[in-house]
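Each reported figure results from applying straightforward, stated rules to the coordinates on display, with no laboratory input. Quantities reported herein were computed from a predicted structural model and do not represent experimental measurements. Positions of Cβ are backbone-derived with ideal geometry, glycine not excepted, and every protein chain shown enters the neighbour counts.
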Amino acid sequence: MALGDIQDGYPGLAKFMGPHFDSGMGLFKRFADLNARNLLYMQAELVNLELELNVLTHDDHTSRDPTRETYEKSVWNMAHSPDSAQWKKVLEIRQKVKDYNDALLQQSQLCKLNKANDYDVGILLHWLLHAEGGNGFLEGFEARPWKKGERRDLISICSRARTDKFTRWAERKAYPWLYAKVLKRWKKPINGQEKVGIAHLNDNWFVRLARVMTVILSTLLPSIAVLGLYYVRSLPAHLGAVVGFSAMFSLALEVFTNSRPIEVFTATAAFAAVQVVFVGSTGQNSCECFVSQT
């Protein structure tokens, strides 16, 4: 067997995860508590170093030494003094601050990564426990990242494309169910994982279908609102219809788009305003027709 053909243990897990990072398999433990503790320790260390530097600065200022008294005004003098304790402390702090800032920025980048979703975690656990996959090789503490109580700390380093809630639901629930119950013949097992039962779902046309449904809904909802308001005559019914259609519109934006709350609010307000204008115009026309008939 070639060195690169080992399929057991961590090498086998890496072979399964690596080619599918972009499909949600790049799941790793963030070590949030450990990173937070590290930042707190670095912060405490810097607080103490800052105090030590302030003490050294005060000592040089009050030393009555002509050279040391110039340190606060001349970095050149301080840096070129062979016995400047203050400068040595500055250099020590400089590296500590750099390490601290780097750690903060790393955590900032980690916070931007998405948490692992249950669907992807389920696939990975299936491989880990399957006899033809990982065969339960993880034991003891090394299995902790995948335990139920620890999975909240898992992140995805290369998440699936961010889509609307409806498409995500279809991708994680509807598509797998259809492939398992109806479309079995179109399932394509992942190379090397045929015995594990993990297949690649070609969901491109499902995604297109979801987008077509979104476009159709975006056309139908305003049209239905106009028709409904046209056939409603009483003012209370008009107002109730405006509230109902506006609620449906905002719900559709939340489910079928990636709109932010402020965008949903703005679009819904505009949609409601259009309905009010339409109600006003139809109400005025109805009154004119009534007067002409009398």
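Which shape class applies to the stretch 1-148: rounded if a/c is under 1.5, otherwise prolate when a/b exceeds b/c and oblate if not, where a ≥ b ≥ c are the square roots of the Cα gyration tensor eigenvalues? Taking the square roots of the gyration eigenvalues as a ≥ b ≥ c, the stretch 1-148 is prolate.
Between LEU251 and GLN106, what is 0.36 nm times their sequence separation minus the Cα-Cα distance? Round to one decimal in nm. Before the final figure, lay out the partial values.
Details: separation 145, 0.36 × 145 = 52.20 nm, distance 3.65 nm.
Stretched fully, the LEU251-GLN106 segment lengthens by 48.6 nm.
With a Förster radius of 22 Å applied to the C-beta separation of VAL243 and LEU209, the computed FRET efficiency comes to 0.10.
Determine the sum of side-chain charges near SER250: Lys and Arg each +1, Asp and Glu each -1, restricted to other residues whose C-beta is under 13 angstrom from that of SER250. It would help to have the intermediate numbers written out before the result.
Details: positive: ARG260; negative: GLU254, GLU263.
Every neighbour counted, the sum reads -1.
FRET efficiency for the GLU263 to ARG233 pair, using the beta carbon distance and R₀ = 30 Å, is estimated at 0.35. All C-alpha to C-alpha distances of the stretch 1-80, sorted into 10 Å bins beginning at zero, yield P(r) values of 14, 20, 15, 13, 11, 14, 10, 1 percent in whole numbers. Applying 1/(1 + (r/R0)^6) with R0 = 22 Å to the Cβ-Cβ distance of LYS147 and TYR41 gives a FRET efficiency near 0.25. The trypsin sites (Lys or Arg not before Pro) found in the stretch 29-66 that occupy coil by DSSP, while having at most 10 further C-beta atoms within 10 Å, are ARG64.
Scalar couplings 3J(HN,Hα) for the stretch 113-127, obtained by applying the Karplus form with A = 6.51, B = -1.76, C = 1.60 to θ = phi - 60°, are 6, 6, 6, 5, 8, 4, 5, 5, 4, x, 5, 5, 5, 4, 5 Hz; x denotes Gly and Pro.
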